Amino acid sequence: MNKQSFGSAAVRMAVVSLLLCGLLFPLAVTGFAQVMFPYQANGELITFHGRQVGSDLIAQDFNSSTLFHARNQTLSASGVDPDITLQDAYSQIPRIHEATGIPADALREIVNQNVERTMWFTGDPYVNVLRLNLMLINDYPSIYNSYS
């Protein structure tokens, strides 16, 4: 074999590898995920009153004093964490109570109803900020009428 045939074989192998690894495999995995896990494959989008309002996976920028806020970016590795610790949620209850008049006990109950854990039933408790705020909007429509 001469040098030219080695070169053309290498180029052919690179093209075949590119097509297999860069096109066919990702399409197959995406297709499988769409069929088997469509909610997760599409970004775990949350629908509220018939429209998409956010994702379970990405923090929303809530800055109203009447809503729960996402984690401070300096406390988040990525800055887009959708969850806050239970303690962080509890610490925001007085601010929301003052801004809305919703009883602190009712706010605490909403937080407690949304507790999740890192390992299903064990691990550190946390809450999803978007889900908390949607529950507030749903449970107190007269206070949050501009959001519905």
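In what sequence do Thr122, Thr100, Thr85 fall when counting other Cβ within 10 Å, fewest first? It would help to have the intermediate numbers written out before the result.
Numbers: Thr122 8, Thr100 17, Thr85 14.
The order, fewest Cβ neighbours first, is Thr122, Thr85, Thr100.
Only helical DSSP H runs with n ≥ 4 go in: add -39500 (n - 2.57) per run for the chain, normalise by residue count and round the 222 nm mean residue ellipticity to 500 deg cm²/dmol. Please list the in-between numbers first.
Values: 6 runs with 69 residues, N = 148.
Value at 222 nm, helices only, nearest 500: -14500 deg cm²/dmol.
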Match the structure shown to one of the listed values (i) 26, 22, 14; (ii) 48, 17, 14; (iii) 24, 17, 15 of semi-axes √(5λ) of the Cα gyration tensor in Å, computed from it, and give that label. (ii)
Give me the percent relative contact order of the chain, please, defined on Cα pairs under 8 angstrom at least 6 residues apart. 16 percent
Name the long-range amide H neighbours of Ile46: under 5 Å, sequence gap of 5 or more, or other chain; modelled H, no Pro or chain starts. Val53, Gly54, Ser55, Asp56
Looking at the chain as a GNM with Cα springs under 10 Å, which of Leu67, Leu130, Leu18 has the largest mean-square fluctuation? Leu18
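Taking the Cβ of each residue in Asp56, Asp88, Asp105 as the centre, tally the other Cβ atoms inside 10 Å and list the residues starting with the fewest.
Values: Asp56 15, Asp88 19, Asp105 10.
In increasing order of surrounding Cβ atoms, one gets Asp105, Asp56, Asp88.
Please report the net charge: other residues with Cβ closer than 10 Å to the Cβ of Ala70, K and R +1, D and E -1.
-3
Taking the number of other C-beta atoms within 10 Å as the exposure measure, put Arg117, Arg71 in order starting with the fewest.
On the way: Arg117 12, Arg71 18.
With the fewest neighbours first, Arg117, Arg71 line up as Arg117, Arg71.
Values in this text are rule-based calculations from the coordinates and carry no lab data. Nothing here was measured: the structure is a model prediction, and the numbers come from that model. Reconstructed Cβ throughout: ideal geometry from the backbone, glycine too, with neighbour counts over all protein chains shown.
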